[in-house]
Amino acid sequence: MDTRSAFAAVDQIENTEFWDRDLDEDLVCIDVHQETHDVKTFTFASSLGKKFAFKAGQYFLFDLEIDAEPESRCYSISSSPQRANAFSVTVKHVPGGKISNWFHDNVTAGSTMKGNGPLGHFIRPNAKKLLLLSGGSGITPVMSIVRELADTFEPIDVVFMHAARSPKDLIFREELACLANKGKQLRLHFLPEITAGEAHWPGLTGRISADYMKLAVPDIAERVIMCCGPAPFMAAARVIAAELGVPSSRYIEESFDAAVIDDIDLPVVLETATRTFTVEFAKQVRKIDVSGEQTILSCAKKAGVKLPSSCSNGVCGTCKSKLVSGSVDMNHNGGIRQREIDAGLFLPCCSKPLSDLVVDR
């Protein structure tokens, strides 16, 4: 099915209802757009023609089946909430990235898949002065914010600073330049680390620093900062913001960098009365011990058991797994539907064992 046919299939249905994340899950891709040499934007509509009510900065969780194995991955919405008939996600092709590469290689106009959303709390607060900071593909949720502001003409003073490896890696470069040229309320800063492939780069290069931020955003202490990008980028931004007088209450960040989950090996102090349970991962033929005060994901990662994960706090649903036997105490934050729980699924990242468990992983 080509793009025109995909749109026609959606348009045949009266588009009056809104997507209900507790009931709806069927999506159809209606467009694929090449953004850069290794980044594509995929636009999805409801297969039933429903509209989407989401907030800029939120994301969708995609439930896929790759090589006969269930996979889940969350991608931030990059389109404006004001355009409710569809939403877009922008995906970078990552060497060795199973899900991102599958999207690039397999998803075309007319492709169907299941999705859960909108989800997430990376949402613009009520502020008149913003600094949007992004690194690499972390630009997607803040791009949704910029597009919404452009659609609504809200009187907000925005500085948008985007860092990337090189000029050719600057996602949405031309669109952002057009938005900045059209209005006086968006100041745009591109910061490539190197200028490879571009002979006459007009701006600065390098990485974010306190000196650079003081020059580029002299009133940074008066702004709310929203930051998304790789873990090292956000760690640097956090330190710089504090150094330049930005209160922690005005620094907001978003990340689904699975590489940083549980990297900090904090000592676990167990009470002698705490019971320990055996958790078996059936497909990996592994068994580990997990106390009733620990999450299954944190113990699995420390033991070298492979589980997909991103947020680690029950928001994104990436680690969703089938519980074959046993029971857990799960305190999630919206990353799983009630009907999925009723079907025996759970989130290891926010679940503690109440008995011995067998997990279909």
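The values are calculated or read from the model by the stated rules, or taken from the named source; none is laboratory data. Being a predicted model, the structure only gives us computed values, none of them experimental. When we count neighbours, we look across all protein chains shown, and the Cβ atoms used for this are built from the backbone with ideal geometry, even at glycine. Only protein heavy atoms, including side chains, enter the accessible area calculation; ligands, DNA and RNA are left aside. Shrake-Rupley method; radii C 1.70, N 1.55, O 1.52, S 1.80 Å.
In the stretch 138-187, what trypsin sites (Lys or Arg not before Pro) fall in a loop by DSSP, with at most 13 other Cβ atoms inside 10 Å?
Working: sites: Arg147, Arg165, Lys168, Arg173, Lys182, Lys184, Arg187; in loops: Arg165, Lys184.
Here the trypsin sites (Lys or Arg not before Pro) that fit, given the DSSP loop and packing criteria, are Arg165, Lys184.
Phi angles of the stretch 193-206 translate, via the Karplus equation with coefficients 6.51, -1.76, 1.60 and θ = phi - 60°, into HN-Hα couplings of 6, 9, 10, 3, x, 9, 5, 10, 6, x, x, 7, 10, x Hz per residue; Gly and Pro are given as x.
Excluding same-chain neighbours fewer than eight residues apart, the lysines reachable from Lys184 by a Cα-Cα span under 20 Å are Lys128, Lys129. For Val39, the residues whose amide H sits under 5 Å from its own are His93, ignoring neighbours fewer than 5 places away on the same chain, with H placed 1.01 Å from N.
For the residue pairs Lys92/Lys283; Lys55/Lys283; Lys98/Lys214, the alpha carbons lie more than 32 Å apart in Lys55/Lys283; Lys98/Lys214.
Post the alpha-carbon centroid distance, the stretch 21-42 to the stretch 174-219, in whole angstrom. Cα centres, the stretch 21-42 to the stretch 174-219: 28 Å. Each residue of the chain gets 157 Å³ once the volume of the Cα convex hull is shared out per residue.
Got a sec? Charge dipole of the chain, +1 on Cβ for Lys and Arg, -1 for Asp and Glu; which of Pro141, Leu48, Leu170 is way out at the positive end? Positive-most Cα among the choices belongs to Leu170. Entry for the stretch 116-241 at q = 0.18 Å⁻¹: log10 I(q)/I(0) = -1.01, Debye formula applied to identical alpha-carbon scatterers, no solvent contribution. Taking amide H as placed 1.01 Å from N in the peptide plane, the amide H of Glu71 sits under 5 Å from that of Leu64, Glu65, Ile66, each at least 5 places away or on another chain. Rolling a 1.4 angstrom probe over the chain with all protein chains present gives an accessible area of which 51% lies on carbon and sulfur atoms.
Considering the options Gln294, Pro155, Val89, tell which one lies farthest towards the positive end of the dipole of the chain, charges being +1 on Lys and Arg and -1 on Asp and Glu at the Cβ, about the Cα centre. Among Gln294, Pro155, Val89, the one farthest towards the positive end of the dipole of the chain is Pro155.
Scalar couplings 3J(HN,Hα) for the stretch 35-45, obtained by applying the Karplus form with A = 6.51, B = -1.76, C = 1.60 to θ = phi - 60°, are 8, 9, 4, 9, 10, 10, 10, 10, 10, 10, 10 Hz; x denotes Gly and Pro. Taking amide hydrogens as placed 1.01 Å from N in the peptide plane, the amide H of Val324 sits under 5 Å from those of Val358, Val359, Asp360, each at least 5 positions away in sequence or on another chain.
Mind ordering 278-286, 115-123 by average Cβ neighbours within 10 Å, highest first? Write out the running numbers ahead of the final one.
On the way: 278-286: 15.4, 115-123: 20.8.
Ranking, from highest mean packing down: 115-123, 278-286.
Note that the stretch 280-289 has calculated 3J(HN,Hα) couplings of 9, 9, 4, 6, 8, 6, 10, 10, 9, 9 Hz, one per residue in order, obtained from phi through the Karplus relation 6.51 cos²θ - 1.76 cosθ + 1.60 (θ = phi - 60°); glycine and proline are x. Over the chain, accessible surface divided per residue gives 48 Å², non-protein components excluded, 1.4 Å probe.
If you place +1 on the Cβ of every Lys and Arg, -1 on the Cβ of every Asp and Glu, and leave all else neutral, what size is the dipole of the chain about its Cα centre, to the nearest 20 Debye?
Working: 39 positive and 46 negative charges, 122 e Å.
In total the dipole reaches around 580 debye.
Nearest 500 deg cm²/dmol is fine: what mean residue ellipticity at 222 nm does the chain get from its DSSP H runs of n ≥ 4 alone, each adding -39,500 (n - 2.57), divided by its residue count? Value at 222 nm, helices only: -6000 deg cm²/dmol.
Please compute one quarter of the surface area of the Cα convex hull for the stretch 166-211 and express it in square nanometres. Walk me through the numbers on the way to the answer.
Working: hull surface 15.3 nm².
The orientation-averaged projected area of the Cα hull of the stretch 166-211 comes to 3.8 nm².
Estimated at 0.36 nm per residue, the fully extended path between Ser291 and His200 surpasses their Cα-Cα distance by 26.9 nm.
Of interest is the spacing of the C-alpha centroids, which for the stretch 48-105 and the stretch 328-361 amounts to 23 Å.
Computed from the C-beta positions of Asp151 and Lys129, the FRET efficiency with R₀ = 22 Å rounds to 0.65.
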